[in-house]
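Here the structure comes first, spelled out in structure tokens, and everything after it is commentary.
The values are calculated or read from the model by the stated rules, or taken from the named source; none is laboratory data. A quick note: this is a predicted structure, and the numbers were derived from the prediction, not measured. So basically every Cβ, Gly included, is an ideal-geometry build from the backbone, and we count neighbours across all protein chains shown. In case anyone asks, the SASA skips ligands and DNA or RNA and just uses the protein heavy atoms, side chains included. Shrake-Rupley method; radii C 1.70, N 1.55, O 1.52, S 1.80 Å.
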Amino acid sequence: QVQLVESGGGLVQAGGSLRLSCAASGRIDSINRMAWYRRAPGKLRVFVAFITDGGSTVYQTSVKGRFTISRDNAKNTVLLQLNSLKPEDTAIYYCKAEDRGGTVYWGQGTQVTVSS
């Protein structure tokens, strides 16, 4: 089992920045890919970015150039730096981990609210 705990959400004005953190515990040696998703009010949860254990990254087009995903293996943490935030970035942000067997784990989410 893998447990994920997100932190770092909050209220910020448009153009501002936040850094989200996802701390993993449990069978962390089994984790392959980690990712961030978000669910905006009234919408489905959608992909934001992922990072592999080798450090390769992929981003949703709308956040490319503004968000940066990184991984601190020593601290078992994945970060998401959010810059140049827009009101449409308002959402609950979820951390996701996938192990080498294909099992998926989710965190409880952290709220990001961007005011105009």
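Summed over segment 59-116, the residues that are among the basic types (Lys, Arg), more than 13 Å from Ser17 (Cα to Cα) and touching a strand residue (DSSP E or B) at 6+ places or on another chain (Cβ under 7 Å) give a count of 3. Residues considered: Thr90, Thr52, Thr61, Thr77. Of these, the only one that is among the β-branched types (Val, Ile, Thr) and surrounded by fewer than 14 Cβ atoms within 10 Å (Cβ to Cβ) is Thr61.
Is it the case, given these coordinates, that Ser62 is over 13 Å from Val114 (Cβ atoms), modelled with pLDDT of 95 or more, of a type in the set (S, T, N, Q) and touching a helix residue (DSSP H, G or I) at 6+ places or on another chain (Cβ under 9 Å)?
yes
Residues that are in contact (Cβ under 8 Å) with a residue 24 or more places away in the chain and under 18 Å from Ala24 (Cα atoms) number at least 1 in the following strands (runs of 3 or more DSSP E) confined to segment 44-116: 45-51, 67-72, 77-82, 91-99, 104-106, 110-115. Residues that are of a type outside the set (S, T, N, Q), modelled with pLDDT of 95 or more and out of contact with any Asp or Glu (no Cβ under 9 Å at 6 or more places or on another chain) within segment 65-79 comprise Gly65, Ile69, listed in sequence order. Scanning segment 69-116 for residues that are within 16 Å of Val12 (Cβ to Cβ) and either within 12 Å of the chain's Cα centre (by Cα) or of a type in the set (A, V, I, L, M, F, W, C) (or both) gives Leu80, Gln81, Leu82, Leu85, Ala91, Ile92, Tyr93, Thr110, Gln111, Val112, Val114.
Take segment 10-45 and flag every residue that is more than 13 Å from Trp106 (Cα to Cα), hydrophobic (A, V, I, L, M, F, W, C) and open to solvent by 40 Å² or more (accessible area, probe 1.4 Å). Matches in segment 10-45: Leu11, Ala14, Ile28, Leu44.
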